[in-house]
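**Student:** Please read through the structure below; I'll follow up with questions.
Rule-based calculations on the coordinates, nothing more; no lab input. Predicted, not measured: the structure shown is a model, and the values here were computed from it. Cβ coordinates were reconstructed from backbone atoms using ideal geometry, including for glycine residues, and neighbour counts include every protein chain displayed.
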Protein chains: 2
Amino acid sequence: MSNAIEIPYGTTLLVRDTCLCLHAQRAARALARLFDDALRPAGLTNGQFSLMMSLNRPEPPPMGPVAKLLAMDQTTLTAALKPLQRRGWVDVIANPKDRRGRLLRLTPEGRTVLSAALPIWESTHAALEKSLPEGNAERLRQDLQALA
Amino acid sequence: MSNAIEIPYGTTLLVRDTCLCLHAQRAARALARLFDDALRPAGLTNGQFSLMMSLNRPEPPPMGPVAKLLAMDQTTLTAALKPLQRRGWVDVIANPKDRRGRLLRLTPEGRTVLSAALPIWESTHAALEKSLPEGNAERLRQDLQALA
DNA sequence: GCAATTTCTATTGATATCAATGTATATAGT
DNA sequence: ACTATATACATTGATATCAATAGAAATTGC
């Protein structure tokens, strides 16, 4: 008898075909590339666009809620802010209501960049939705929402 | 009159709620955390699990098709292989049929690690599917597949 | 008011992701 | 065979992602 560990090839195919995590990572990579390419002329990645858009509020939000909204680790958010701060598109200011925390505020330059990127997002997203069967976009949004 | 650029808050909310790319990134992050946590005792991340599982084939595959299967950049794959090679779980060998290319092969140790991780994946994925409404998992898989 | 706990964020180290570029080999056109 | 093009992969540099840890300030229990 053999001690060799064998995972049946059929099992491999099953995991490949059914793993929701793998499917989500694949789709996330593909969509990231799509929007990164489209937004490149505006100088933003898809993540930077989403982050900056989430900061366009009447009142600058603290970091915690923004990280939660984007379903990302707080340390990831800290790192993601660095290049945006460096370019002068986002200010990280003290929170007068809570001296532990910071507030994230778009600068006027940041708003200019973001508004230039907005029509690119609109056309790219419209083309994407059009490429999906009727109704699938909304259904997909709801299904994804249930995971995050 | 003012030159200030203003993106209406309503536009921000619309982008947040409808952007498929953002929804996909959020879901991908959430599922990555779920499986990373579950697989940690096995010493694998979700991405390493998917990658190693994709290498469990009758014949060791070249890098290109593996990168395509995972919908990742080829340079990402090269980088992802580094820690697996270092730990002796994957061998990168010359391709006798094409001297430009390499073949990726699980080592016996790699198969041991992978087979230990497999039941963790099974239980984690079963629990995940159970948490979704009946039929949504399969539908979601198909919708995600259409994107990647 | 004080101590214990919790919350908010930063830092460090490891891995993941991709663009840009370069090198080697294979393939196609002639 | 020769040249031009295409393919396969590595390297570098920038950003993204998270765990582990630590510090500071707020909150809670008393």
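**Student:** Just to confirm my filter: which helices (runs of 4 or more DSSP H) fall fully inside the stretch A:1-84 and include at least 3 residues that are farther than 13 Å from B:Gln25 by Cα and either more than 9 Å from DNA strand C (Cβ to nearest atom) or without any contact (Cβ under 8 Å) to a residue 12 or more places away in the chain (or both)?
**Tutor:** Numbers: elements: A:9-18, A:20-39, A:46-54, A:63-69.
Filter on the stretch A:1-84 gives A:9-18, A:20-39, A:46-54.
Okay, residues lined up against (1) more than 14 Å from DNA strand D (Cβ to nearest atom); (2) of a type in the set (Ser, Thr, Tyr):
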| residue | (1), (2) |
| --- | --- |
| A:Pro62 | no, no |
| A:Thr78 | no, yes |
| A:Gln85 | no, no |
| A:Pro96 | no, no |
| A:Leu118 | yes, no |
| A:Lys130 | yes, no |
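**Student:** Another question, then. Within the stretch B:89-122, track down each residue that is outside any loop (DSSP other than H, G, I, E, B), in contact (Cβ under 8 Å) with a residue 24 or more places away in the chain and surrounded by fewer than 15 Cβ atoms within 10 Å (Cβ to Cβ).
**Tutor:** Scanning the stretch B:89-122 gives a single hit, B:Ile93.
**Student:** Report whether or not A:Arg102 is at the interface with chain B (Cβ under 7 Å from one of its Cβ atoms), touching a helix residue (DSSP H, G or I) at 6+ places or on another chain (Cβ under 9 Å) and either of a type outside the set (Val, Ile, Thr) or over 30 Å from B:Leu114 (Cβ atoms) (or both).
**Tutor:** Values: at the interface with chain B (Cβ under 7 Å from one of its Cβ atoms): no; touching a helix residue (DSSP H, G or I) at 6+ places or on another chain (Cβ under 9 Å): yes; either of a type outside the set (Val, Ile, Thr) or over 30 Å from B:Leu114 (Cβ atoms) (or both): yes.
Answer is no for this residue.
**Student:** If you check A:Arg29 against the conditions, is it charged (D, E, K, R), within 10 Å of chain B (Cβ to nearest Cβ) and within 30 Å of B:Arg57 (Cα to Cα)?
**Tutor:** Yes: the conditions hold for A:Arg29.
**Student:** Looking at (1) in contact (Cβ under 8 Å) with a residue 24 or more places away in the chain; (2) within 17 Å of B:Asp17 (Cβ to Cβ); (3) of a type in the set (D, E, K, R), can you tell me which one A:Asp143 breaks?
**Tutor:** (1)
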